[in-house]
1. Of the residues that sit in region 64-109 and are aliphatic (A, V, I, L, M) and at pLDDT 85 or above, which one is farthest from Val131 (Cα to Cα)?
2. Please enumerate the residues belonging to region 69-92 that are assigned to a strand (DSSP E or B), touching a helix residue (DSSP H, G or I) at 6+ places or on another chain (Cβ under 8 Å) and touching a residue at least 24 places away in the same chain (Cβ under 8 Å).
3. If a residue must be on the phi > 0 side of the Ramachandran plot and in a helix (DSSP H, G or I), how many such residues does region 150-186 contain?
4. Report, ordered by the first and then the second residue, all pairs with beta carbons closer than 6 Å, sequence separation of six or more or different chains, a first member in region 51-62 that is assigned to a helix (DSSP H, G or I), and a second member that is at pLDDT 85 or above and hydrophobic (A, V, I, L, M, F, W, C).
5. I'm told Ser101 meets every condition in (1) in contact (Cβ under 8 Å) with a residue 40 or more places away in the chain; (2) buried (at least 16 other Cβ atoms within 10 Å of the Cβ); (3) part of a loop (DSSP other than H, G, I, E, B) except one. Can you identify the failing condition by its number?
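The values are calculated or read from the model by the stated rules, or taken from the named source; none is laboratory data. This one's a predicted model, so the numbers in the text were calculated from it and none came from an experiment. As a convention, Cβ positions derive from the backbone with ideal geometry for all residues, glycine included, and neighbour counts pool all protein chains shown.
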Amino acid sequence: MKENMTVTDVMLRVVDALDRAKIPHMLVGSFSSNLHGIPRATEDVDFVIELNAPLNAEFGRILGEDFEPELQLSFETNTGTQRQEFRVKGTEFKAELFRLSDDPFDQQRFQRKQLYEAGGRKLYFPTAEDVIVMKLRWARDKDKADVHSVMSVKRGKLDWNYIDTWCRKHGTFALMEKIRRSIPEI
């Protein structure tokens with residue numbers, strides 16, 4: 001592992017491994033809110049992957065020995081999906097791979113994914129609207145700040161009907177409106 005490795009380097013290594021393993025994926029989490037909003041530092045890389053079985057040993061070999069897999073899958077409560085973590089040896093970095101779930105929103109945001117450039121490559125990301133809706137489901141302080149950031153940058157370019165519909169379904173409409181009202185000229 002290079003001493004000067006960045007989180008972007010980690011992201012690109014995981015993308016390369018997913019591509020080589022032919023696993024459909026989308027880059028989510030702070031990378032997606034950074035794309036659509038105001039960038040902030042992060043030490044993890046999050047992906048949604050379309051895969052019905054656990055990642056196998058072959059994927060670990062493709063990813064490389066710098067990555068240590070957590071042996072046990074964990075459960076993500078917002079979408080009811082499983083995730084597998086890979087820690088990068090000698091760093092604070094980690095990659096989290098969330099399985100695409102049957103959750104209707106999870107399915108729709110994966111279908112709506114779009115190509116954007118990041119790290120010198122074309123990669124799939126969720127739309128700005130889907131970043132807002134998902135971050136509101138998590139609703140941690142950094143997620144609320146990310147929502148504010150994306151709303152501020154995208155301002156009049158957002159599909160508010162889409163956002164409103166999903167926020168009402170998820171019970172996050174009041175929180176979304178509170179953040180929305182805190183931003184001038186929306």
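1. Here the answer is Val88.
2. Restricting attention to region 69-92, the residues satisfying the condition of being assigned to a strand (DSSP E or B) are 69, 74-76, 81-88.
After this cut, where a residue has to be touching a helix residue (DSSP H, G or I) at 6+ places or on another chain (Cβ under 8 Å) as well, the list is 69, 81, 86, 88.
Thr81, Phe86, Val88, listed by residue number.
3. Total meeting the criteria: 1.
4. Partner pairs satisfying both residue conditions: Phe59/Ala21; Ile62/Ala17; Ile62/Ala21.
5. Unmet for Ser101, out of (1) in contact (Cβ under 8 Å) with a residue 40 or more places away in the chain; (2) buried (at least 16 other Cβ atoms within 10 Å of the Cβ); (3) part of a loop (DSSP other than H, G, I, E, B): (1).
So that you can scan it fast, the table gives a plain yes or no per residue for (1) surrounded by fewer than 17 Cβ atoms within 10 Å (Cβ to Cβ); (2) hydrophobic (A, V, I, L, M, F, W, C):
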position	(1), (2)
Leu35	no, yes
Ile38	yes, yes
Asp44	no, no
Glu50	yes, no
Glu58	yes, no
Arg61	yes, no
Glu65	yes, no
Leu71	yes, yes
